1. So which residues in the range 48-97 are surrounded by 17 or more Cβ atoms within 10 Å (Cβ to Cβ) and modelled with pLDDT under 95?
2. Answer yes or no: is there a residue in the range 269-284 that is within 11 Å of ligand 1 (Cβ to nearest atom) and either aliphatic (A, V, I, L, M) or within 23 Å of PRO150 (Cβ to Cβ) (or both).
3. What is the number of the single condition among (1) within 16 Å of ligand 2 (Cβ to nearest atom); (2) closer than 17 Å to LEU216 by Cβ; (3) of a type outside the set (Gly, Ala, Ser) that ARG130 does not meet?
4. Here is a list of conditions, (1) touching a Phe, Trp or Tyr at 6+ places or on another chain (Cβ under 9 Å); (2) within 13 Å of ligand 1 (Cβ to nearest atom); (3) of a type outside the set (S, T, N, Q), and LEU169 meets all of them except one; can you say which number that is?
5. Taking the residues in the range 231-247 that are away from ligand 2 (no atom under 14 Å from the Cβ) and in a loop (DSSP other than H, G, I, E, B) as candidates, determine which candidate is surrounded by the most Cβ atoms within 10 Å (Cβ to Cβ).
6. With ALA164, ALA205 as the choices, which residue is more than 16 Å from ligand 2 (Cβ to nearest atom) and under 12 Å from ALA227 (Cα atoms)?
7. Within 16 Å of ligand 2 (Cβ to nearest atom) and under 20 Å from LEU97 (Cα atoms): which single residue out of SER255, SER171 fits that description?
8. Within the range 83-107, work out how many residues are within 14 Å of ligand 2 (Cβ to nearest atom) and in contact with a strand residue (DSSP E or B) (Cβ under 8 Å, 6 or more places away or on another chain).
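The values are calculated or read from the model by the stated rules, or taken from the named source; none is laboratory data. Just so you know, these numbers come straight off a predicted model, no measurement behind them. Don't worry about glycine lacking a Cβ; one is built from the backbone with ideal geometry, like all the others, and counts go over all protein chains shown.
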Amino acid sequence: MAHIRIPRGWEIPERLATPEHVYLNRRKFLAALGAAGLGAAGIPRRLRASGDLYPAKRNPAYTLDRPITDEFVSTRYNNFYEFTHLKSEVRNLAVHLQTEPWTVQVSGLVHKPQVFDVSKLVRRFPLEERLYRLRCIEAWSMAVPWTGFPFKALIDLVQPMSDARFVRLVSFLRPEEALNQRLLPSHPWPHSQGLTLAEAAHELAFLVTGMYGHELPKQNGAPIRLAVPWKYGFKSLKSIVAIEFTATQPHTFWSDVQPHDFHFTANVDPSERYQGEPQTTETDIGTGDVHPTFLYNGYGSFVAHLYEKASP
Ligand SMILES: Nc1nc2c(c(=O)[nH]1)N[C@H]1C(S)=C(S)[C@@H](COP(=O)(O)O)O[C@H]1N2
Ligand SMILES: [Mo]
């Protein structure tokens with residue numbers, strides 16, 4: 001099997017890190033459009049269609065110990081291997097992904113298997129905003145205001161059977177829209193990931209449809225992605241098309257490509273090397289600050305109980 005190495009290189013060109021580009025919430029954005037004389041007609045269609053959903057109310061339960069990453073940076077420094085391994089190019093190539101219409105098929109060990117239209121799914125549950133950190137195994141991190149709903153809400157809708165133990169998440173297979181799926185046809189596309197059912201049902205596991213108070217941009221995983229902030233970033237699968245409930249641990253994209261380098265659980269843990277590299281510190285892509293990396297990415301008070309062995 002070919003040895004694929006994810007290029008590191010959190011260094012971003014100085015011009016991408018300019019602080020002039022600040023996080024604009026939708027109201028300010030609209031005000032800015034108004035000031036520019038554009039008014040409602042100037043609003044892109046994708047904002048109009050879901051305009052009443054964003055920004056959603058922030059859930060104050062999730063706080064940050066560092067500033068929110070400048071949106072200009074977090075939307076130009078992306079890992080999305082279906083398109084390219086060049087972080088700054090992802091946004092240019094991801095424009096080809098057709099995100100409307102989009103369905104998510106839920107199948108496997110559930111009492112109510114069904115296909116969800118994402119434009120309806122986002123109206124099924126109240127959306128909320130959460131400030132989460134994301135830690136990539138490439139030793140960079142960011143802090144993002146995601147909008148979405150708890151994975152648990154969807155799980156409750158489809159009603160897992162008693163023998164369901166794992167959840168497999170699958171991304172799209174569209175070589176005609178995704179350059180690397182054409183260039184690297186021998187890879188085990190589509191990209192897939194997995195969680196235990198207990199992890200997927202945990203309150204922190206979040207299905208994300210927006211960021212920075214508007215719909216997700218394509219390069220960040222439109223129209224629906226996962227955010228599991230206590231695990232390395234690669235577990236937070238983007239552009240999900242299917243969710244399958246299984247009794248046994250599912251294969252994942254990276255465990256198929258590099259079986260020795262990517263273990264299934266992938267909780268952030270500074271005491272363990274990952275991909276051969278120490279994971280003790282991380283560089284914030286927004287500020288350039290180097291922070292110590294914490295066990296469970298600092299979310300131990302939420303999730304540690306999931307991994308403690310039952311007392312005898
Ligand atoms: N479908 C898909 N999802 C993916 C990836 C990918 O290549 N394809 N990369 C992962 C990795 S390695 C990281 S660090 C995060 C990056 O998310 P961001 O670009 O929104 O920062 O997405 C994850 N989800
Ligand atoms: Mo990553």
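1. Result: SER50, single match.
2. no
3. Failing condition for ARG130: (1).
4. Just one mismatch for LEU169, condition (1).
5. Of the range 231-247, the ones away from ligand 2 (no atom under 14 Å from the Cβ) are 239-247.
Now restrict to residues that are in a loop (DSSP other than H, G, I, E, B): 239, 247.
On the way: SER239: 25, ALA247: 11.
Checking each candidate, the answer is SER239.
6. Numbers: ALA164 fails: under 12 Å from ALA227 (Cα atoms).
Unique residue meeting the criteria: ALA205.
7. Values: SER255 fails: under 20 Å from LEU97 (Cα atoms).
Exactly one residue qualifies, and that residue is SER171.
8. Qualifying residue count for the region: 1.
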